[in-house]
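Asker: Mind having a look at this structure? Questions to follow.
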Amino acid sequence: MGRLVAIVGRPNVGKSTLFNRLTQTRTAIVDDTAGTTRDRQYGKVDWCGKEFSIVDTGGWVVNSEDIFESEINKQVYLAIEEADVILFVVDAMNGVTDLDDHVANILRRSKKPVILVANKTDAGESRFNVPEFYSLGLGEPYSISSANGSGTGELLDEIVKDLPEDDSQEQELEKIPKFAIVGRPNAGKSSIINSFIGEDRNIVTNIAGTTRDSIYTRYNKFGFDFYLVDTAGIRKKNKVNEDIEYYSVIRSIRAIEASDVCILMVDATLGIESQDVSIFSLIQRNKKGLVVCVNKWDLVKDKSQEAIRHFEAAIRNRFAPFTDFPIIFGSALTKQRIFKVIETAVDVYKNRERIIPTSQLNVYMQEVIGAYPPPANKGKYIKIKYVTMLKESPIPTFIFFCNLPQWVKEPYRRYLENKIREKWDFTGTPINVYMREK
Ligand code: GDP
Ligand code: GDP
């Protein structure tokens, strides 16, 4: 189960600067699938081997000086509800403002660990204003400068100290697939869950949570046995917040991180829009399995093979370069093909677990490499000697041993990946292809 840190504070105190600083400090880069607008608001941090996700909730609200109190309230309540630790950023250049007081009042009443962060202490005399923030009643302010990084190491130490133990809930779970149903509001997430679980509540068991409310529901029927990760679907909906985009995005983050395979619900009547792409990119960045369910197919008039092909191509095109995933057309309402969706998610789960015997792997890859060896670089020849798969890895991971790993470029890595996918079934799961020196 992922752990989530949220940054809150009024506009211009330096939240996004701090977010960038912290996400760049990571000692191990988890993943680098770049290029979405979501990157500014969601990132992963690895500090001394402790990993957590971080969101800048300010990225979603109107960012202007005359921000409404109600906007700030949404941001803060969201953080209280979803985050494990809250960073409350204030501006040491300005001292305490009314809005800071207002936010501090809400945070003090919450049970969440809050770290008070006095930013911009590099500027002029501002560091002398820091003690003033004691008056917010949130303990000692951390003096930092997001701009030059001073104090951020101590801040990270404090954050990881406050985080709950990782995987406390996961250890109680059996090793069966964990599926998350994600998608933008109104795509049909609740409907498909209700269609599975329906009237027969006996077939599901709630797993009592330890550090937070339960998020796993076990489904055991018709030969299926898996956990559904709770999203807005099972938990009662919060009517005030459900249609706010950042709310649904944070919910998605939590669900995606806690799952093995994500079922991405897409509304057939609307097609793929930027929100779908954002959620897809969260799935990719977390290296989870993927099944796309094109829902509300009952409402679509043209169901010809050509229309289906066209729709599929449009989805793969928007999600490129990762295109090797299943797409199921169905209806949560009429229950058409909803079991197919689960069957397919089980297949993807199996693909994630697949281990190719080393000898088989080497026979095939020698052939592939022989047919098209890595291009020589500045007169240096690259020789790939052998390949193995890591046994203990959450996703299929191939290690190619060679003399000059750093000279093997991305296009060649991609060639190897494609050849692996051609030969064995890794549909729906990302795979790692690494080069190591031998
Ligand atoms: P946000 O609205 O809270 O996300 O604030 P931003 O991160 O966009 O920062 C607002 C302004 O403060 C920008 O002009 C930043 O360059 C500046 N800023 C942020 N952090 C620091 C800092 O540590 N020191 C100084 N001097 N300026 C900062
Ligand atoms: P969520 O916000 O993703 O949980 O979406 P809901 O499950 O609440 O569905 C949103 C709306 O779409 C509701 O009015 C559903 O009845 C409707 N809906 C969901 N799935 C289907 C479907 O397959 N066909 C049709 N016609 N309507 C659907």
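Asker: For each of C293, C402, count neighbouring Cβ atoms within 10 Å of the residue's Cβ, then give the residues from fewest to most.
Answerer: C402, C293
Asker: Determine the relative contact order of segment 366-438: mean sequence separation of Cα pairs under 8 Å and six or more apart, normalised by residue count, in whole percent.
Answerer: Over segment 366-438, the number comes to 34 percent.
Asker: Follow-up question, since we're still on this one. Out of segment 70-169, which trypsin sites (Lys or Arg not before Pro) are coil in DSSP terms and have no more than 14 other C-beta atoms within 10 Å?
Answerer: Here the sparse-neighbourhood loop sites are K111.
Asker: Per residue of segment 307-319, what does 6.51 cos²θ - 1.76 cosθ + 1.60 with θ = phi - 60° give for ³J(HN,Hα)? Whole Hz please, x for Gly and Pro, Karplus curve as stated.
Answerer: The phi angles translate into 4, 5, 4, 5, 4, 4, 4, 5, 5, 4, 5, 6, 9 Hz.
Asker: Once you've got the Cα coordinates, tell me which of K350/K423; K74/K161; K44/K288 are over 22 Å apart.
Answerer: Too far apart for the 22 Å limit: K74/K161.
Asker: Using the structure shown, list the pairs from K178/K391; K189/K303; K111/K175; K301/K340 with a Cα-Cα distance above 28 Å, or answer none.
Answerer: In this structure, K111/K175 exceed 28 Å between Cα atoms.
Asker: Shifting gears a bit: Ranked by Cβ crowding within 10 angstrom, fewest neighbours first, how are M265, M435 ordered?
Answerer: Ordered by Cβ neighbours within 10 Å, fewest first: M435, M265.
Asker: Are there any GluC sites (Glu not before Pro) in segment 263-364 that are in a DSSP loop and have at most 10 other Cβ atoms within 10 Å? List them by number.
Answerer: none
Asker: Counting alpha carbon pairs within less than 8 Å and at least 6 residues apart, what relative contact order, in whole percent, applies to segment 244-396?
Answerer: With pairs under 8 Å counted, the relative contact order is 21 percent.
Asker: Could the peptides 184-191, 8-15 be put in order, highest first, of the mean number of other beta-carbon atoms found within 10 Å of their residues?
Answerer: Highest mean packing first, the order is 8-15, 184-191.
Asker: Using only the Cα atoms of segment 366-438, construct the convex hull and provide its projected area averaged over every direction, in square nanometres to one decimal.
Answerer: Mean projected area for segment 366-438: 5.0 nm², to one decimal.
Asker: What is the order of E51, E154, fewest Cβ neighbours within 10 Å to most?
Answerer: E154, E51
No lab work stands behind these numbers, since they all come straight from the coordinates. Worth saying up front: this structure is predicted, and the values here are computed from it rather than measured. Heads up, the Cβs are rebuilt from the backbone with ideal geometry, glycines too, and the neighbour counts pull from every protein chain shown.
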